[in-house]
Amino acid sequence: MQRLTQWASLLLVVVGLGAAAAVSSAQASKGGEQHIDSRVDIYGGYGYFHPFNSSVAGYEFQSVYNPNATVGVSTWFNRYFGVELEGGYFSGTNEHKQYIPSCTGETCSQLVYTAEGGPIFRYPLGRWVPFAHILGGGERTNGPAAQSLMWGWGVTGGVGLDYVLPFWGQHLAIRPIQADYQRSQVVYGPLLLPAGQEGGFSSLSNLKLSAGLVVRMGDVEPPVPVMLGCGAQPASVFPGDPVKVEANALHLNPKKTPVYTWAANGGKINASGPEATIDTTGLAPGDYVVTGHVEEGPKPRQQASCAAPFSIQAFQAPTLTCSANPSTAVSGTDIAISTVGVSPQNRPLTYSYSATAGVIGSSGPTAVLTTAGLSPMTITVTCNLVDDLGQTAKATTDVIITAPVVTVPQTQPLCSLSFTRDRRRPVRVDNEAKGCLDDIALTLSQQTDAHLVMVGNSTPDEKPEAAAERALNARQYLVDEKGIDPTRIELRVGPPTGMVVTDTLVPAGATFSDQDTHKFDEKTIIRHGQAYGVTRSGGTSRPRGAAFQRPAPAPAPPANTAPATATPTPTAPADQPAAPTTPAAAPATSAPGAPAVPVAAPVSPAALAPAPGSTPPVTATPETQTTQPAPTSSPAPQ
């Protein structure tokens, strides 16, 4: 009984350790470790045979732990289910002498032989494989009362645990424990037998414990063979461009270190594990193949190969486009030449240019065509491109050169001066006319290269000299009040179309060509009354005797010469002639018109019109006019 207790304690310890190890191994198995599920297991072990509550005619069966053996062969149909054949042999030593001291030979020792078969079940947990079996068959045993060895029937049911060793390719396992319950019956015959023979009936129940080694062979589910795939990127390159090849292996054993090798039928390989780079420098255009191989063991299923094709393309020539901006221009214009060169392989590019006329200068993809001095023509510009391999491209563009367009300046009409508002002084410049002259003065100050043509006109019932007086008075206002150079003003008279002075701005290069007007001799014109109206400060304009002065200094008058003045006299009735008075001074004369000076843009004539509702011009106190006979002279030149 003490020995049974020891074996039971050992069984519990082994089962506990096995269960903990099985759980740990199962967790490790989930991490990717591969384990072989054997096809055939051969077990050989040493055990302990312990009967309980079993006897024949009051004699108890005895435990056996002397030399014994348990041998089993299991064949698995899949990972979990199979059949087992098991045989056992237990041989005691004189266990029956306590009952029959005179016994001799095998009748004195407890002998047990079993031969059984049945289903077996397992549940692999990584390296730990727990199992259970149910067996049935025959059992040959002798009795404790000197019964001879006899065959009977027997059944066995039990559990066990195997640990697969990590070496020798998982072909060896340790079975630390196999615990079985056995039940058998043997009939030895009637109790009363001839002398020397003992009969009886045994119903034997016993516990059998064993431990040993398991030889594992085959594989129920062979491991999936290693697979390898690889690809080249890019699959098509130009000589000198690198090709990267990457391998992707499947079903590798994580506990093994795979070895990769690479080979190619062209180029230089630089490999590192599952990746490789091919240097294609110097390869001729064509198709090539790089092969990869992975190996983690000597078996065919532990090796795999792959192949990846790639191709080398011939270098492509560059392309070129060429354009001119503008494509049509007058002679003397600089033309921008633009090019767009493209190399499919991004080779270094060099640009050059030529033209059928003109001078062309360039800087890379841009150039400038100088057309100064060229007559009208079509110029062809040729753009050239070459890469570092000598491959060329060419493009042309045409530039049309036209003659410069000569713009003839045109005269510009300005505001006109009306003399119809003051019937008593029909040649005097009133305030509204001065407003027009102020705008004309502003225009002349802006356009300093232009000159002014003032054309005086009269009515048919007036003396023709009235037209010239109006032009002279208007010019005097511009010169004396506005500081306009008199050489920039040309005076003319026109046909008797009205009491008006028309003003025309003549820019530099323009020509005044009104055939109905003509110049006149200012020396022949006798001027009457004021040249223009009284200023707002209350003063008066220059009297007629000082109607005009040249801007250049004039000779000083004699010391005893009094300045010319105008003496106002009472106004005579309309039906009586005015009293004669002494002329204040001889009328002043002006120089003929002079060349014009450049100016800015003129003011719009509409802006020069009198504002509606403005105050009528203030008139000065009329003065007695004396008509001075004009000297006889020839008509003014046309």
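Taking the stretch 343-397 as the search range and keeping residues that are in a loop (DSSP other than H, G, I, E, B) and among the hydrophobic types (A, V, I, L, M, F, W, C), which one is nearest to T319 (Cα to Cα)?
That would be L389.
Determine whether the stretch 93-111 contains at least one residue that is modelled with pLDDT under 90, in a strand (DSSP E or B) and not small (G, A, S).
There is at least one residue in the stretch 93-111 that is modelled with pLDDT under 90, in a strand (DSSP E or B) and not small (G, A, S).
If I filter the stretch 59-71 down to residues being assigned to a loop (DSSP other than H, G, I, E, B) and touching a residue at least 60 places away in the same chain (Cβ under 8 Å), which single residue comes out as farthest from T93 (Cα to Cα)?
Checked the stretch 59-71; the qualifying residue farthest from T93 (Cα to Cα) is F61.
For (1) charged (D, E, K, R); (2) assigned to a loop (DSSP other than H, G, I, E, B); (3) open to solvent by less than 50 Å² (accessible area, probe 1.4 Å), each residue gets a yes or a no:
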site: V479; (1), (2), (3): no, no, yes
site: R492; (1), (2), (3): yes, no, yes
site: G498; (1), (2), (3): no, yes, yes
site: T511; (1), (2), (3): no, yes, no
site: F520; (1), (2), (3): no, yes, yes
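Pairs only if they're at least six apart or on different chains, beta carbon under 8 angstrom, first in the stretch 469-480 and within 18 Å of F520 (Cβ to Cβ), second assigned to a helix (DSSP H, G or I) and among the acidic types (D, E); list them, first residue then second.
If the second residue must be assigned to a helix (DSSP H, G or I) and among the acidic types (D, E), the pairs left are L472/E522.
Sort out which residues of the stretch 264-296 are in a loop (DSSP other than H, G, I, E, B) and loosely packed, with under 15 Cβ neighbours inside 10 Å, and write them in order of number. Break it down stepwise before answering.
Initially, the stretch 264-296 is screened for residues in a loop (DSSP other than H, G, I, E, B), giving 265-267, 273-274, 280-285, 296.
Residues satisfying the conditions are N265, G273, T281, G282, A284, P285.
For the stretch 226-235, check the following and say yes or no: at least one residue is over 36 Å from the mean Cα position of the chain (by Cα) and either closer than 30 Å to V40 by Cβ or free of Cβ contacts under 8 Å to residues at least 40 places away in the same chain (or both).
yes
Limited to the stretch 268-283, what total is found for residues that are in contact (Cβ under 8 Å) with a residue 24 or more places away in the chain, touching a strand residue (DSSP E or B) at 6+ places or on another chain (Cβ under 7 Å) and not charged (D, E, K, R)?
6
Report, by residue number, each residue of the stretch 511-525 that is more than 15 Å from S458 (Cβ to Cβ) and touching a strand residue (DSSP E or B) at 6+ places or on another chain (Cβ under 8 Å).
Across the stretch 511-525, the qualifying residues are F512, D514, K519, E522.
Does the stretch 164-189 hold any residues that are open to solvent by 20 Å² or more (accessible area, probe 1.4 Å) and among the polar types (S, T, N, Q), and which are they?
Q170, Q185 - these are the residues of the stretch 164-189 that are open to solvent by 20 Å² or more (accessible area, probe 1.4 Å) and among the polar types (S, T, N, Q).
Residues checked against (1) open to solvent by less than 50 Å² (accessible area, probe 1.4 Å); (2) of a type in the set (S, T, N, Q):
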| site | (1), (2) |
| --- | --- |
| C383 | yes, no |
| L389 | no, no |
| K394 | no, no |
| A403 | no, no |
| T411 | no, yes |
| S418 | yes, yes |
| R428 | yes, no |
| A433 | yes, no |
| Q446 | no, yes |
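What number of residues within the stretch 216-235 satisfy the criterion of being of a type in the set (V, I, T) and surrounded by 13 or more Cβ atoms within 10 Å (Cβ to Cβ)?
Summing the residues that are of a type in the set (V, I, T) and surrounded by 13 or more Cβ atoms within 10 Å (Cβ to Cβ) in the stretch 216-235 gives 2.
Have a look at L213, L192 and point out the one that is out of contact with any helix residue (DSSP H, G or I) (no Cβ under 8 Å at 6 or more places or on another chain), modelled with pLDDT under 95, open to solvent by 80 Å² or more (accessible area, probe 1.4 Å) and aliphatic (A, V, I, L, M). I'd like the intermediate steps shown before the answer.
Details: L213 fails: modelled with pLDDT under 95.
The conditions single out L192.
What tally of residues in the stretch 138-152 results from selecting those that are assigned to a strand (DSSP E or B), surrounded by 21 or more Cβ atoms within 10 Å (Cβ to Cβ) and at pLDDT below 90?
1
Is it the case that P223 is outside any loop (DSSP other than H, G, I, E, B) and either of a type in the set (S, T, Y) or in contact with a helix residue (DSSP H, G or I) (Cβ under 8 Å, 6 or more places away or on another chain) (or both)?
no
Only one of D388, D422, D398 is over 48 Å from the mean Cα position of the chain (by Cα) and among the acidic types (D, E). Can you tell me which?
Exactly one residue qualifies, and that residue is D422.
Could you list, in sequence order, the residues of the stretch 297-334 that are part of a helix (DSSP H, G or I) and not basic (K, R)?
Within the stretch 297-334, P300, Q302 qualify.
Have a look at G87, G82, G47 and point out the one that is in contact with a Phe, Trp or Tyr (Cβ under 7 Å, 6 or more places away or on another chain), in a strand (DSSP E or B) and of a type in the set (G, A, S).
Testing whether each residue is in contact with a Phe, Trp or Tyr (Cβ under 7 Å, 6 or more places away or on another chain), in a strand (DSSP E or B) and of a type in the set (G, A, S) leaves just G82.
List pairs: first in the stretch 496-509 and touching a residue at least 40 places away in the same chain (Cβ under 8 Å), second of a type in the set (D, E) and part of a strand (DSSP E or B), Cβ under 7 Å, 6+ apart or cross-chain?
Cβ pairs passing all conditions: P507/D449; A508/D449.
Evaluate the stretch 293-309: report whether one residue or more is out of contact with any strand residue (DSSP E or B) (no Cβ under 6 Å at 6 or more places or on another chain) and of a type in the set (G, A, S).
Looking through the stretch 293-309, at least one residue is out of contact with any strand residue (DSSP E or B) (no Cβ under 6 Å at 6 or more places or on another chain) and of a type in the set (G, A, S).
Restricting to the stretch 74-118, give me the number of residues that are of a type in the set (A, V, I, L, M, F, W, C) and open to solvent by 20 Å² or more (accessible area, probe 1.4 Å). It would help to see each step written out before you state the result.
The initial filter retains those residues of the stretch 74-118 that are of a type in the set (A, V, I, L, M, F, W, C), namely 76-77, 81, 83, 85, 90, 100, 103, 108, 111-112, 115.
If we keep only those that are open to solvent by 20 Å² or more (accessible area, probe 1.4 Å) as well, we get 77, 81, 83, 85, 100, 115.
Residues flagged as of a type in the set (A, V, I, L, M, F, W, C) and open to solvent by 20 Å² or more (accessible area, probe 1.4 Å) within the stretch 74-118 amount to 6.
State whether the residues of the stretch 455-476 include one that is at positive phi, in contact with a helix residue (DSSP H, G or I) (Cβ under 9 Å, 6 or more places away or on another chain) and not in a strand (DSSP E or B).
Pass one, the stretch 455-476, residues at positive phi: none.
Checked against the condition, which is being at positive phi, in contact with a helix residue (DSSP H, G or I) (Cβ under 9 Å, 6 or more places away or on another chain) and not in a strand (DSSP E or B), the stretch 455-476 yields no hits at all.
The values are calculated or read from the model by the stated rules, or taken from the named source; none is laboratory data. From a predicted model like this one, the values you see are computed outputs, not experimental measurements. Ideal geometry is used to build each Cβ from the backbone, glycine not excepted, and the neighbour counts take in all protein chains shown. To get the accessible areas, we keep the full protein, side chains included, count just its heavy atoms, and leave off ligands, DNA and RNA. Shrake-Rupley method; radii C 1.70, N 1.55, O 1.52, S 1.80 Å.
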